[in-house]
Every structure is written in structure tokens, then in C-alpha cells.
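For reference, the structure discussed in these notes is given below.
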Amino acid sequence: MLATRALSLVGKRAISTSVCLRGSHGVVKADTFSLPAYHDSRADPLPDIKYVQELSTEQRSLKEKEKGSWAALSNEEKIALYRISFNQSFAEMNQGTSEWKTVVGGVFIFVGLTGFLVAWQRKYVYGPVPYTMEREYKEKELQRILDMRMNPVQGLASMWDYEKNEWKK
């Protein structure tokens, strides 16, 4: 709004979005976008369209030759005819790729960076380990739980034999 007022004050014609749409942008030809796209797939072996849409002069002459006897065609010509319709053969589609190396490398990089981040946080972010995590404190805590006979039905106290002073087996 402010821009249209400023342009109208200057004496120029204000530009709106509707004028821009009708203006010099033109119309997009949608015929190429409305066609199905070519893709090689083992699940769908016959794509909706051919791989090569616009034939060269050599390919046109080869297509004319195709209408005759196939015994007269050489193996190279048969392969060229196949490549007009399809990009890859089943053997090429089934051939393994080296993509797994990239995935494994990415996983190793991610795990390495995560390990570096954890080590950095332990050193610089977190404080010292509290005394309640020390072994002596844990032993005293367990002894206190057993002395107080906490949860004698299903807890730790139920697994302790008080006559023999050892864990039940």
C-alpha cells in the first residue's frame, strides 16, 4: 500500500499485482508438464512414455528400418532401438550401486560428531558427578533400604534373606 501511494505521488502509475499478472509475464506452456514423466522401474517395466521424445535423423531412419525384417538389423541397431524406448535394461537396473558406502560413511560421521559433542559436554557443560553416584554411597543406601525393610513384598527387601544376611537364590 505504501509503495503504491509513493508511486502515485511521484506521478507514475501505481503497479498492482493484478497488473503484473496480466502484464509481460506471458502464459506458461503446460503441455510438457501435463505429460507423464519417464522413469525406469523393475515394478513397472513398461513406462507410459518413451525415453527419447524427439528423434534425430539417424533414429528416424532406424525406426523406418524397424518396420521391416528384424533379421536384417544388426545387434547395435537393435540396442539403439531399445535405447530409444528405454534408458536402462533390467540388468542395469539390478546392478548394485556404491550408495551403501556413502550411507555408512555418513553414519560414521554422525556417530563421531555425536561422540565429540558428548565428550565436550561432559568436560565443559556438566559439573562434577554428585557424591550420591559414588560406590560407597550406593552401598550405604542399599544397606539402609535393607535395614528399614522397604517394600518387603515385592521390592529389594523381599529378595534379602535376613537370617543368613545374603541374597535369596
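Considered as a group, the residues in region 79-138 that are basic (Lys, Arg) and surrounded by 10 or more Cβ atoms within 10 Å (Cβ to Cβ) include one that is nearest to Gln59 (Cα to Cα), and that residue is Arg83.
Applying the selection to region 72-94, what residues are among the polar types (S, T, N, Q) and farther than 20 Å from Tyr51 by Cα? Within region 72-94, just Ser74 meets the criteria.
With respect to the stated conditions, Leu142 is in contact (Cβ under 8 Å) with a residue 12 or more places away in the chain and surrounded by 10 or more Cβ atoms within 10 Å (Cβ to Cβ). A search for C-beta distances below 6 Å between a residue of region 72-90 that is touching a residue at least 40 places away in the same chain (Cβ under 8 Å) and any residue that is among the aromatic types (Phe, Trp, Tyr) and surrounded by 13 or more Cβ atoms within 10 Å (Cβ to Cβ), counting only pairs 6+ apart in sequence or on different chains, returns Phe86/Tyr51; Asn87/Tyr51. Would you check if Leu142 is in the same structural domain as Lys168 (by TED's automatic domain parsing) and aliphatic (A, V, I, L, M)? Yes: the conditions hold for Leu142.
In this structure, is Leu46 in a loop (DSSP other than H, G, I, E, B), without any contact (Cβ under 8 Å) to a residue 40 or more places away in the chain and not acidic (Asp, Glu)? Spelling it out, Leu46 is indeed in a loop (DSSP other than H, G, I, E, B), without any contact (Cβ under 8 Å) to a residue 40 or more places away in the chain and not acidic (Asp, Glu).
Restricted to helices (runs of 4 or more DSSP H) entirely inside region 53-152, those with at least 1 residues that are under 30 Å from Glu163 (Cα atoms), among the basic types (Lys, Arg) and more than 41 Å from the chain's Cα centre (by Cα) are 135-148. Can you tell me which condition Lys168 does not meet? The list is (1) surrounded by 10 or more Cβ atoms within 10 Å (Cβ to Cβ); (2) touching a Ser or Thr at 6+ places or on another chain (Cβ under 9 Å), and all the others hold. That leaves (1) as the condition not met.
The values are calculated or read from the model by the stated rules, or taken from the named source; none is laboratory data. Just so it is clear, the structure is predicted and the values come from calculations on it, not from any experiment. Note that we place each Cβ from the backbone using ideal geometry, even for glycine, and neighbour counts take in every protein chain shown.
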